[in-house]
Every structure is written in C-alpha cells, then in structure tokens.
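Trainee: First the structure, which I've put down as structure tokens, then a few questions once you've had a look.
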Amino acid sequence: MISLRAQRGERFDAPGRDLGLRSDGRWGRWWQVAIAAAGLLLLLPVSLLIALAIKLTSRGPVLYRGTRIGRDLRPFTILKFRTLLRDAEQRIGARLLAPDEPLYTPVGRFLKRSKLDEIPQLLNVLRGDMNLVGPRPIRPIFLATSTRDIVHYTARFVVRPGMTGLAQLRGGYFTEPRDKLRYDLVYIRNRTFWLDFRLVAATFVKLLNRWLTLGVVLGLIFLCASFAPALFKEPFEVAVGGFNLSPFEALGLLLAATTLVRQIPAHRLYLYQTPTNRPMVCFVLFSVLAGVFAGDLVPRLRDLAYFSASGFLLVFLVVSGEVNDRFVVRATRVVALAAVAVSLLGILEIALQTHPTTSGTLLAHAGTPRIAATLGSPIVLAAYLVLGVPLVLVELAGAERREERDFWLICATLVIVAVVLTQSRTGLLALWLTGSVFTWRASRRTFRMFTGGCLFLVALLMVTGSLRLSPGAVGAEWARRVSLTGAAISSEVRSHKALVGPEPGRGAVSVVEVEGPGELAPHRAQSANMHLTLMLRAGFVGWALMMWVIGAALTAIYQGSRRVQDKRLALVLWAIFSSGLGFLVSMANFNAFYNPPVQILFWGLLGIGMAIVTHLNGKRPTFNVIYRFGPGD
C-alpha cells in the first residue's frame, strides 16, 4: 500500500513527526544550492570526459534516469552517469549489485568505485529533489519490504534524500537497511548547518583519499613533469630553509609523511628490505661525515636533501605502496603512452618547421632542426624516450589482437624516429644499447633486426653527413668530450677534496677550465656530464656510492626478471633493466639528476622494478622496524 501510494505521488504522513522529527522544508537550502552550482561548473570538464568515455565504450544514453523515493515518499527521477548495460536494472531485480558482476560498462566499474557517476545528482540538488546531506534515496522495489520488516522505516522520508550522509560515511553500500536507518534517525534528530558542513567535508576527504591514491598522485607528478616541466621551476618554486621547492616536490614530501603516518596503527614505523637500502644509507652517512670533516656541511646537506627527495624518496614511495599486477600494467602503460605522445608532439613540431621537397627527404635535409617537444631540450628528450622505448616494446610484445599489435608497432616506430630526430649522438648510442639488450631477451630475431637496422641507419647518416652525424662532426664532438673529461678529472685529482668533492651545493652548474689548443690560453667551459658533475659535488666516493645504488637496483631487477613467474612482469623487469643501462649512457650527455622529467621517470621506473621484486616475487616481503611505540613498549 505504501509503495503504491508513493508511486502515485500521494502525500504520506510518515511516523517521523510522531518521533519528534522535523521536515527540512527550505532549511539550509541556500548554501547547498550554491555548492551544487559551483560543483557542476568546476566539474564540467570532468563530466564532458566521462560522457565521451561512456559514448565511445557502450551503447545507450550517457545519463541513467531511475525512479527513487524522496521526501514524503514522493517518487522522483534521479540522475547518474550510466555505469551498467541498458537492461541491467531489470536483470538485477530486488537485490544489490555485486562489484564483480559482468553488468558494468567498460568504464562503469571505475565510475562506480570512484563515485564519479554521482556528479549529475548535483542537478537533483538544484531541482529540489535532493539535498547534499540526508538519507540515501532508495529504489521503489525495496520500499515495501523495508517498510514491512523495519519499524518506523518511513521516518527517514521526512527530509529530502542526500548525496551523502551519516549512514554513507559510517556504513557502506552493503550495510543492512536496519542499521542505515539508525544512522539516518540520529542525523535527522541532530542535523544542523555545522553537522551538514562537516559531513560534506568528510565526504570530500574520503573521495580524495579514494581518488588520489599513491599511484594516481605519482602518475600526476610524472605527467606534469613530462608535459609541463616548467611547473618544477621558477616562478613556482618556493624558498624553504635555503631550498627551492616546487609544488610537486612538496607534494612528494607530503606523500612520504603520509605513508609513514599510515603505519602508526601498526604501532611501528618500518621500511621494506630492498637491495638499495644499504647503499642509500651509506650515501647519506658519507655526505654528512664529509660535510663535518670538510667544513662545508650546509651545502652538502643541500645536495643530500635534493638527491634523497627527488630520487631515493621516489623509490621508497613506490615500494611502500599497494603494488599488484594491475598497478604495474597501468603504470608502465602510462609511461609508454607518455613517450609516444611526447614523440608525436616532437615530430609534429619538426613537420611544421621544415618543408621537405621532392628532391630530398627529411633525413637528408640540411636544415632539419632538432626536436625538443615539451621537454625544451633535444638531449633531454632523447634520454626521456630511451627510458620509455623498452616499455613501448613490452606493450607490443604483449599485444594479443592484430589491431593492438599494429597500434603499438606504429607507436614504437614513432618513438624510435623521434630519438633519431633529436640528433643526439649519445641518445642514439643509448637507444642502440637499450633496444639491443631488451630485444636480446624478447626475441633473438628481433634482436638481429634491431641492432643491424640501427647500425645501418647510423652508417648511412654518417656517409651522407645528415643529422649531425658526419665523420667530422662526430670526431669534433669526441675530442671536445675527451678534453672536458680530462680537465674535470685532472682538476678533481689536484684538489685535496677529490674523494669528497670540491664543489658541493652548486646544483647543475658545472664549469671546468680547459686548456686551449696550441698557444691559446686556457678557458672555462660548461661540462654537461652527470658523472663528472656528481664527482664535483660528492667526489669519487660519492659518485661510486651513487653508482652502487643504481647498480644494486639494476642487479636486483635483473635477477627478479629471472625469478618472477608472471611473464608480463618478467618482461617489464627486463625492460626497466634495459632502460637503466641506457640511462647510464645518457647521463654522460647532460646533468640528468637535475632535470625533473628524466629524474622522476628514471627513479620511478627503478621504484616500480624494486616493488615488483619486493612484493610480486612469490615470497612475503620483509621489512626493518625503524621505531616501535604504543602498546607493547
């Protein structure tokens, strides 16, 4: 009887008034309408992307319109982004939908889990059907059963239903209706503006905690470094205690602190045991002791803070996160697609700047500019793409359908062509090494084709003198590098701080005095070699310890690729190992550790590799307890 009257839209005197519960009327509507309108405006770009994703991945309308029971048992039409197949509601019937049922659209399960499907309910708030806070609206099919079995169940309908509420925050989707009613009645009896505000704020924090997982935040930092690297430089940097922090570097530090705080319920702070822990600790101790004995502690602490926060910390964050097969696949695919996107931007850049005629090709064009894409430097772009090439090849090797193989084959070609168009000689060498190592494990036939093709291409370019690869240009570059390296090492050896570094705290600025040819006086030249710069900052010992960190990680990743049972994970580990070898070559061409995009990508890949080795090798991970507190002390 109740459900029939509700469906006809008749007013029903719920017993809530007999329990001393007041109807909400127009109470508190002004601020809820304002927040709903602002939310719709701010979330408009997200809504458009969701609508496009729904249209491209499934048939049917973008919005779901369903009947729900509202205030005074009046039915209304609720709006959501559609997450289920068109006839799913009839197939579900009078039950709750399990998370693993095959009725979701390709993007529906993600929208449901992230609560993004509920954005259109802000329109229900504007129309007066719902509040931001209140009991959750129910389907008519559940009304008769709940009213018959639960005393005073209709008391919850004296107020408008809400997008969020006490029952939603304290309970969950599968909480029993009887328990939800208790929370609803507590809310209705005690509702005030301040309570509603706190519930909305708590919901926002809960959603942020669900959306902004460690993987999502690190992915955001990586994408910003790839496509908007200026965010990591002035004028966005803030001076804090003698250090210049970008917003994303500060976010990384906040993530580290959050990761440690989450361990507090276990009454201990711990650190997973990885092969990189010992060399990292040795680097930290060496930097501190060198500063104490050399009398330049402050600049050395500045270097230590930078290398730790931008490198070691990133590995720590990834290894400490919730790592599973799905996380690895998504993370490596993001890296691969980012490399493809940056390559495509660089190729479009050069296509707009050059106009090859029928008398010559682009590669033979004498005035072909070097591409830099979003990274601002051809050398940085080459190093970035060399790190990403093996992960693109992983996607190609793992493609099951012909369409996927064709897509990733095109992507791999774009990335390799982009490396060539950077005209970076060291980049080509790093590409040859990285690709050869990866294909040697993946397919011996592909290995022969790749190595032979690269050697033939380089030989052709040297013979034709294209893209800065004429014998004279290569010889002059080699002579310049030998001169700079010799000058840097000789000045290092002559210094009484050769072992600990004569120039700590100067960042990427690396200038050495080079003797002029013949009778020319010596002159000062910029040295763009991270190996040499690291020696100037931390000495031979500091450089050796940093190589120990990288070498320990690559060795563990190499060994893990042999032990991990999952073929996809084993191939990812081998790809990261290949990328690491190429990066060691790329370091000789620019100050890699002082470049945010390459720094984040390299240490992030090492972190993913170490996380696979730590969590997904079939054994239970071990950890060192840093500090115990609370019960049991």
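Only the coordinates and a few stated rules stand behind these numbers; no lab work does. Keep in mind the model is a prediction, meaning the values are calculated, not measured. So basically every Cβ, Gly included, is an ideal-geometry build from the backbone, and we count neighbours across all protein chains shown.
Trainee: Holding the Cα-Cα limit at 22 Å, pick out from 80/115; 55/80; 115/206; 180/206; 55/206 the pairs that are longer than that.
Mentor: Values: 80/115 10 Å; 55/80 14 Å; 115/206 11 Å; 180/206 19 Å; 55/206 28 Å.
From 80/115; 55/80; 115/206; 180/206; 55/206, over 22 Å: 55/206.
Trainee: Out of residues 5 or more away from residue 133 or on other chains, whose amide H comes under 5 Å of its own, with H placed 1.01 Å from N in the peptide plane?
Mentor: Long-range HN contacts for residue 133: 163, 164.
Trainee: Could I ask something else about it? Order these peptides, 534-541, 576-583, by their mean beta-carbon neighbour count within 10 angstrom, highest first. Spell out each step's value before the answer.
Mentor: Numbers: 534-541: 23.6, 576-583: 26.0.
With the highest mean Cβ count within 10 Å placed first, the list reads 576-583, 534-541.
Trainee: May I pose another question? Wrap a convex hull around the Cα atoms of the range 538-590, take a quarter of its surface area, and give that in square nanometres. Could you put the intermediate results ahead of the total?
Mentor: Details: hull surface 15.6 nm².
One quarter of the hull surface, i.e. the mean projection, equals 3.9 nm².
Trainee: Going through the range 367-410, which trypsin sites (Lys or Arg not before Pro) have at most 15 other Cβ atoms within 10 Å and a DSSP loop state?
Mentor: Sparse-neighbourhood loop trypsin sites (Lys or Arg not before Pro): 401.
Trainee: Check cross-link reach from residue 567 to the lysines: straight Cα distance under 29 Å, and skip same-chain residues fewer than eight apart.
Mentor: The qualifying lysines are 619.
Trainee: Between residue 333 and residue 190, take the C-beta separation as r, use R0 = 51 Å, and let me know the FRET efficiency to the nearest 0.05. Don't skip to the end; give the middle numbers.
Mentor: On the way: r = 48 Å, r/R0 = 0.94.
Rounded to the nearest 0.05, the efficiency is 0.60.
Trainee: Please sort by residue number the GluC sites (Glu not before Pro) in the range 391-435 whose DSSP state is loop and whose Cβ has at most 12 other Cβ atoms within 10 Å. Mind showing how you got there, number by number?
Mentor: On the way: sites: 395, 400, 403, 404; in loops: 400.
Passing sites in the range 391-435 are 400.
Trainee: Oh, and also: Taking amide hydrogens as modeled 1.01 Å from N in the peptide plane, which residues meet the under 5 Å criterion relative to residue 499, leaving out close sequence neighbours?
Mentor: Excluding prolines and chain starts, which carry no amide H, the hits are 540.
Trainee: Based on the alpha-carbon gyration tensor of the range 277-615, what equivalent-ellipsoid semi-axes (square roots of 5 times the eigenvalues) come out, in whole Å, largest first?
Mentor: Numbers: eigenvalues 220, 171, 49 Å².
With the √(5λ) rule applied to the range 277-615, the semi-axes are 33, 29, 16 Å.
Trainee: Kindly rank 413-421, 611-619 from highest to lowest mean number of other beta carbons found within 10 Å of each residue. Before the final figure, lay out each step's value.
Mentor: Numbers: 413-421: 21.7, 611-619: 19.2.
So the peptides 413-421, 611-619, ranked by packing, come out 413-421, 611-619.
Trainee: Hey, can you grab everything whose amide H is under 5 Å from the amide H of residue 422? Only 5+ residues off in sequence or another chain; H modelled, so Pro and N-termini drop out.
Mentor: Result for residue 422 returns 371.
Trainee: Residue-wise, which Karplus ³J(HN,Hα) couplings in Hz belong to the range 43-52, taking 6.51 cos²θ - 1.76 cosθ + 1.60, θ = phi - 60°, and x for glycine or proline?
Mentor: Each residue of the range 43-52 in turn: 8, 4, x, 5, 4, 5, 5, 5, 4, 5 Hz.
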